[in-house]
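The structure under discussion appears below in the form of structure tokens.
The values are calculated or read from the model by the stated rules, or taken from the named source; none is laboratory data. Since the model is a prediction, treat every value here as computed from it, not as a measurement. Counting neighbours? That spans all protein chains shown, and the Cβs are built from the backbone with ideal geometry, glycine included. To get the accessible areas, we keep the full protein, side chains included, count just its heavy atoms, and leave off ligands, DNA and RNA. Shrake-Rupley method; radii C 1.70, N 1.55, O 1.52, S 1.80 Å.
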Amino acid sequence: MKLRSFLTLLACCCLTFTVWAEDGSRLWLRQEAGSGAQVDCLLHTPVTEVAVRELKTCWKGVPVALQLMADADHRALGPEGYILRSRDGRIVISASGEKGLLYGAYHLLRLQATGADCSQLDVTERPAYDLRILDHWDNLDGTIERGYAGHSLWKWEELPAVSPRYEAYARANASVGINGAVLNNVNASPKMLATDYLKKVKVLADIFRPYGVKVYLSVNFASPMGLGGLETADPLDAGVQAWWKQKVSEIYALIPDFGGFLVKANSEGQPGPCDYHRTHAEGANMLATALKPYGGIVMWRAFVYAPSSDDRAKQAYNEFLPLDGQFMDNVIVQVKNGPVDFQPREPYSPLFTSMKHTDLMVEFQLTQEYLGHSNHLAYLPPMWTEFFEDVCPRSLRAVCAVSNVGDDVNWCGHDLAQSNWYAFGRMAWNPSLTPAQMADEWLKQTFTDEPAFVDAMKQVMLDSREVVVDYMMPLGLHHIFAGNHHYGPEPWYDVPGARRDWMPPYYHRADKEGLGFDRTSRGSNAVAQYPDSLCRLYGDLSTCPEKYLLWFHHVPWDYRMKSGRTFWDELCHKYDDGVKAARGFCDVWTRMKPYVDAERYDRIEEKFDIQAHDAVWWKDACLLYFQTFSKRKLPKDIEKTHFKLKDLRKVQLPISNYECPTKEMLPRYNAN
Ligand code: GCV
């Protein structure tokens with residue numbers, strides 16, 4: 001090669017490298033611009049303008065027409081559904097509403113980006129849920145409760161000055177069908193409703209609107225006192241009711257399509273109607289009355305538990321079931337997927353199959369509070385699929401998830417955690433999509449469609465949540481996290497006199513006989529909250545699925561498992577399997593090097609390395625600690641422990657509840 005050609009090639013390579021420098025900020029939206037496609041649309045609204053712009057920028061196929069249709073077939077798809085059809089050498093995207101056209105445009109672009117055949121399109125779509133919402137636990141001071149991807153995206157100090165990331169955020173949501181965002185933490189400051197802040201909220205709402213994303217706010221139930229200067233927040237007090245009505249009318253004057261309120265009441269110290277001997281229904285209905293004339297809704301959380309309860313897992317059911325049928329029709333009771341708190345694995349919350357006369361929505365958690373923060377890969381759709389195996393998707397009115405987004409350049413802290421944001425939107429649109437389908441789509445759009453890469457990484461993603469369960473809390477163990485954060489293991493954490501249901505021994509109940517929380521009729525009888533067939537299945541040690549064993553039973557150390565091993569040996573093997581699988585992720589990733597840009601390769605390599613080391617930390621901490629009760633040897637065929645229990649007992653991570661630990665803070669073992 002001549003020197004000049006070589007230098008030209010070198011320059012091109014450098015240019016390419018610069019253009020594609022990969023900071024992760026482009027998420028799954030990385031189709032090249034400049035296609036100049038022919039796109040026709042007679043309707044000109046801010047929403048259709050986004051649809052047209054997206055197609056004109058990225059679509060590389062035949063001409064596209066966007067058409068609004070009012071016939072019965074289209075009306076049956078609702079305002080967000082759409083039809084994509086190939087017709088006479090072009091593609092027609094038709095819908096009864098502008099949002100349908102927007103979602104249809106993103107569907108077409110997704111087909112292109114995933115390499116689908118777009119020559120004979122005949123697609124009809126309607127979302128399973130009208131409300132597909134991300135909940136941000138962002139505080140007004142910029143921190144994010146349980147957020148591990150930097151600070152809040154919302155720069156309250158700077159607003160009304162606008163960051164380009166606001167629009168990028170709305171676009172990402174629209175591309176996967178998310179149509180609502182609760183902007184602030186459920187532990188809400190009354191200040192959120194101050195006029196100054198509402199004006200800032202309006203700026204965000206205006207930016208999100210063309211992308212079909214509505215804004216909601218979490219409210220502090222005592223705002224009439226904290227902000228309005230009233231002496232009470234009693235929902236039956238006429239002054240309180242008038243205060244909320246006036247506040248709601250102020251909000252709608254600024255934001256005519258405001259979505260409504262999310263409320264955490266009488267939970268973890270938050271104020272609520274029970275402070276005035278009123279019920280949750282009375283509190284929710286008072287707010288719902290104020291919102292109703294404007295079409296607003298109340299999402300009222302059922303996440304409640306008091307120190308006096310004999311079993312925290314029973315409490316939401318005990319408090320809310322008696323209120324079934326008492327909520328207004330613009331109230332939706334928001335229930336966490338499991339009865340305790342976003343654990344690596346929980347059975348579903350029995351409220352879902354019991355509260356038959358109340359609209360319910362499930363709350364999932366994308367931010368990995370209990371799944372290794374933004375250090376570990378835990379692709380969550382298998383958890384959602386497991387939930388929907390027991391809870392019929394049609395029985396729910398809506399779905400939401402606690403967001404994992406912050407102001408980190410790559411949005412989610414871990415590049416691979418973007419897949420959970422992506423998949424949440426796709427699942428909320430269509431809960432029958434499989435975890436594999438969503439992983440496939442996401443990998444192809446975010447990295448490459450090279451089969452060697454997609455196949456290997458899809459398997460890693462699909463395995464990842466179960467692997468985390470194995471090395472953290474297998475066989476139904478739960479809530480054995482460190483006392484001052486929810487990252488590492490501390491099954492021994494116990495403070496005399498402190499709230500029992502904040503202490504791991506409350507949950508694992510280790511003693512010389514065995515391990516696990518007896519929730520059968522001999523114990524707390526939480527199992528009775530499930531339908532009869534499940535109650536019998538879970539309540540009998542011999543039929544209880546092993547994945548829930550220690551959730552429902554106190555299992556003797558020598559109990560014989562299906563594998564033929566004793567329970568103790570099985571527990572040891574589960575932890576060991578988790579460690580080996582986490583190390584396996586590192587090996588797969590090493591083989592992915594040829595397919596990935598250097599920056600993302602290095603960042604993800606470091607995350608997998610941390611995850612593999614943390615898996616050993618979890619295994620050693622839990623097995624060495626439980627061994628002090630079981631008094632049994634570790635099986636010979638599992639890896640020897642690397643740490644000593646007395647050293648692990650000293651580990652204290654210097655992190656708050658909105659930080660992810662760095663590699664340097666974590667205990668590491670020497671593999672040699
Ligand atoms: C926002 C758990 C978390 C809290 C969170 C709470 C909730 O307890 O640790 O940080 O508070 O759930 O969902 O309200």
Exercise for the section: Select from region 49-99 the residues that are assigned to a loop (DSSP other than H, G, I, E, B) and aliphatic (A, V, I, L, M) and write down the one among them that is least open to solvent (accessible area, probe 1.4 Å). Expected result: L77
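To keep it simple, each residue is scored yes or no on (1) at negative phi; (2) surrounded by 24 or more Cβ atoms within 10 Å (Cβ to Cβ).
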| position | (1), (2) |
| --- | --- |
| H357 | yes, no |
| M361 | yes, no |
| F364 | yes, no |
| E369 | yes, no |
| H373 | no, yes |
| A378 | yes, yes |
| A398 | yes, no |
| D407 | yes, no |
| S419 | yes, yes |
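If I go through region 532-554 residue by residue, how many of them are under 27 Å from the mean Cα position of the chain (by Cα) and either within 22 Å of W568 (Cα to Cα) or loosely packed, with under 15 Cβ neighbours inside 10 Å (or both)?
9
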Fill in the blank from the handout: Scanning region 331-364 for residues that are polar (S, T, N, Q) and touching a Ser or Thr at 6+ places or on another chain (Cβ under 9 Å), the one nearest to the ligand (Cβ to nearest atom) turns out to be N337
Problem - In region 486-502, residue farthest from the ligand (Cβ to nearest atom) [restricted to those that are open to solvent by less than 10 Å² (accessible area, probe 1.4 Å) and in a loop (DSSP other than H, G, I, E, B)] - result: P491
Fill in the blank from the handout: For R165, the lone unmet condition from (1) within 15 Å of the ligand (Cβ to nearest atom); (2) touching an Asp or Glu at 6+ places or on another chain (Cβ under 8 Å); (3) open to solvent by 10 Å² or more (accessible area, probe 1.4 Å) is (1)
Practice task
Exactly one condition in (1) touching a Phe, Trp or Tyr at 6+ places or on another chain (Cβ under 9 Å); (2) closer than 22 Å to R87 by Cα is not met by L27; state its number.
Solution key: (2)
Exercise for the section: Restrict the check to region 469-480 and report whether at least one residue is within 15 Å of the chain's Cα centre (by Cα) and open to solvent by less than 20 Å² (accessible area, probe 1.4 Å). Expected result: no
Exercise for the section: Determine, yes or no, whether A288 is away from the ligand (no atom under 16 Å from the Cβ) and buried (at least 22 other Cβ atoms within 10 Å of the Cβ). Expected result: yes
Handout entry: Test: K562 is out of contact with any Phe, Trp or Tyr (no Cβ under 6 Å at 6 or more places or on another chain), open to solvent by 50 Å² or more (accessible area, probe 1.4 Å) and closer than 18 Å to H508 by Cα
Key = no
Problem - Scope region 109-140; condition surrounded by fewer than 22 Cβ atoms within 10 Å (Cβ to Cβ), among the basic types (K, R) and farther than 19 Å from L55 by Cα; matching residues - result: R126
Problem - Candidate set: region 145-162, residues that are free of Cβ contacts under 8 Å to residues at least 60 places away in the same chain and touching a helix residue (DSSP H, G or I) at 6+ places or on another chain (Cβ under 8 Å); chosen: the one nearest to the ligand (Cβ to nearest atom) - result: W154
Fill in the blank from the handout: The condition from (1) more than 31 Å from the chain's Cα centre (by Cα); (2) buried (at least 22 other Cβ atoms within 10 Å of the Cβ) that V219 misses is numbered (1)
Fill in the blank from the handout: Residue set D602, D576, D637, D647; condition open to solvent by less than 50 Å² (accessible area, probe 1.4 Å) and away from the ligand (no atom under 16 Å from the Cβ); output residue D576
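Within the group K214, K191, K245, K202, which residue is open to solvent by 10 Å² or more (accessible area, probe 1.4 Å), within 21 Å of the chain's Cα centre (by Cα) and away from the ligand (no atom under 16 Å from the Cβ)?
Of K214, K191, K245, K202, the one residue that is open to solvent by 10 Å² or more (accessible area, probe 1.4 Å), within 21 Å of the chain's Cα centre (by Cα) and away from the ligand (no atom under 16 Å from the Cβ) is K214.
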Handout entry: Residue among L549, L571, L537 that alone is among the aliphatic types (A, V, I, L, M) and free of Cβ contacts under 8 Å to residues at least 12 places away in the same chain
Key = L537
Practice task
Please state which one of A316, A378, A290, A302 is over 28 Å from F481 (Cα atoms) and either in contact with a Ser or Thr (Cβ under 9 Å, 6 or more places away or on another chain) or touching a residue at least 40 places away in the same chain (Cβ under 8 Å) (or both).
Solution key: A290
Handout entry: Hits in region 521-540 (condition: under 20 Å from D341 (Cα atoms) and either among the β-branched types (V, I, T) or part of a loop (DSSP other than H, G, I, E, B) (or both))
Key = S524, N525, V527, Y530
Practice task
Kindly provide the set of residues from region 326-354 that are open to solvent by less than 10 Å² (accessible area, probe 1.4 Å), among the aliphatic types (A, V, I, L, M) and outside any helix (DSSP H, G or I), ordered by number.
Solution key: V331, I332, V333, V335, V340
Fill in the blank from the handout: Filtering helices (runs of 4 or more DSSP H) wholly in region 400-484 for at least 3 residues that are over 30 Å from G142 (Cβ atoms) gives 435-446, 451-472
Problem - Boolean, S309 is in contact with a helix residue (DSSP H, G or I) (Cβ under 8 Å, 6 or more places away or on another chain), under 19 Å from R499 (Cβ atoms), open to solvent by 10 Å² or more (accessible area, probe 1.4 Å) and polar (S, T, N, Q) - result: yes
Practice task
Kindly indicate whether any position in region 103-113 is aromatic (F, W, Y) and more than 19 Å from the chain's Cα centre (by Cα).
Solution key: yes
Completion exercise
Scanning region 147-184 residue by residue, those among the basic types (K, R) and either within 20 Å of Y103 (Cβ to Cβ) or under 15 Å from the mean Cα position of the chain (by Cα) (or both) turn out to be R171
Problem - Filtered residues of region 496-548 (kept if among the acidic types (D, E) and at pLDDT below 95) - result: D501
